[in-house]
Amino acid sequence: MIEARNLTKRYGGRTAVDGLSFTVRPGSVTGFLGPNGAGKSTTMRLALGLDTPTAGTVTVAGRRYGQLPAPLRDVGALLDARAVHGGRTVRRHLLGLARSHRIPDRRVDEVLGAAGLTAVADRRAKGLSLGMAQRLGIAAALLGDPGVLILDEPVNGLDTEGIRWIRTLLKSLAAQGRTVFLSSHLMSELELTADRIIVIGRGRLLADTDMRDFIETRSPDATLLRTPEPAPMRALLESHGAVVRPDPEGGWRVTGPTATAIGELAREHGLALHELTPCRSSLEDVYTELTGEAVEYRGTGNTDDKETQR
């Protein structure tokens, strides 16, 4: 379990984490989301004792990280896949970690196999691709067979097979009763992986809830509509208070009236329909709506603007 209580971290005049309280419980995968600069990495560093809170507390496995007698056996962490001595081989890196915690050498071979690294075990870390470096970081996190995992962007650099592997792995670890806490910017993947979600913005808690509830309670009723008569259909719907916008995959996404009501309107006015499908918002849609006011770094979308060229 990970517990944060009124956790606060200030750097000079900037507050990175602001009175944050949450609990990450065992038995589920908890996703950690927030815009760039929201305080996600800082929160994870505080949990792992790499930074000291200005106020409040955060405990992992019931203690502050610095109080754990053998941290690798309680907490597995991946914050930076490249934070490895480049001259060491993959196997030597893991062996060094294992021996520092009296973990048997055979466990190194086990995590090498689990992470798909056996074939590159004697390769130096500096020669690894980003995806292989991520796998090494995950192998190191698993080394002590910990009850808690804290992973910052674990799918970064992984190919399709690697992403499917880490998704299956994390779900299986949670099913064993472990605590799994991960951040990711890949919304579609996190939607498939996480059971719960914690969202922060500007260092403050915005949401802490079940993934399905997070999406469903914030999703307006929407219907995917395709018609050979788009102009009159859109005008008709908007005259009845509907919000009509293009769907990325073609057709219109209509919010307001139900699919049944749309079908009745089309029939009454003699308009043809090719598709009328109720749909819900994605995690990305709901997250973007929730965090819109908390985005600190926002592009203008206009590279020709003279002010941006100065």
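Here are the numbers:
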{"item": "Evaluation of Val84 against (1) surrounded by 14 or more Cβ atoms within 10 Å (Cβ to Cβ); (2) at pLDDT 95 or above (one fails), failing number", "result": "(2)"}
{"item": "Those residues of the stretch 259-279 which are surrounded by 13 or more Cβ atoms within 10 Å (Cβ to Cβ) and part of a loop (DSSP other than H, G, I, E, B), in sequence order", "result": "Leu271, Leu273"}
{"item": "Sole residue being in a helix (DSSP H, G or I), in the same structural domain as Val60 (by TED's automatic domain parsing) and modelled with pLDDT of 95 or more, chosen from Lys171, Lys126", "result": "Lys171"}
{"item": "Candidate set from the stretch 2-40 (those that are touching a Lys or Arg at 6+ places or on another chain (Cβ under 7 Å) and hydroxyl-bearing (Ser, Thr, Tyr)); member that is farthest from Thr179 (Cα to Cα)", "result": "Ser21"}
{"item": "Residue within the stretch 280-291 that is hydrophobic (A, V, I, L, M, F, W, C) and at pLDDT below 85 present", "result": "no"}
{"item": "Conditions (1) out of contact with any Asp or Glu (no Cβ under 7 Å at 6 or more places or on another chain); (2) crowded, with 16+ Cβ neighbours inside 10 Å; (3) at pLDDT below 95; number of the one not met by Leu205", "result": "(3)"}
{"item": "Answer residue from the stretch 115-138, given it is of a type in the set (A, V, I, L, M, F, W, C) and within 22 Å of the chain's Cα centre (by Cα) and is surrounded by the most Cβ atoms within 10 Å (Cβ to Cβ) among those", "result": "Ile138"}
{"item": "Residues within the stretch 262-283 that are out of contact with any His (no Cβ under 8 Å at 6 or more places or on another chain) and within 14 Å of Met233 (Cα to Cα), tallied", "result": "14"}
{"item": "Neighbours by Cβ (under 7 Å, 6+ apart or cross-chain): first from the stretch 95-111, in the same structural domain as Ala139 (by TED's automatic domain parsing); second among the charged types (D, E, K, R) and loosely packed, with under 14 Cβ neighbours inside 10 Å", "result": "Leu95/Asp105; Ala98/Asp105"}
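The values are calculated or read from the model by the stated rules, or taken from the named source; none is laboratory data. Since the model is a prediction, treat every value here as computed from it, not as a measurement. Every residue, glycine as well, gets a Cβ built from its backbone with ideal geometry; the counts of neighbours run over all protein chains shown.
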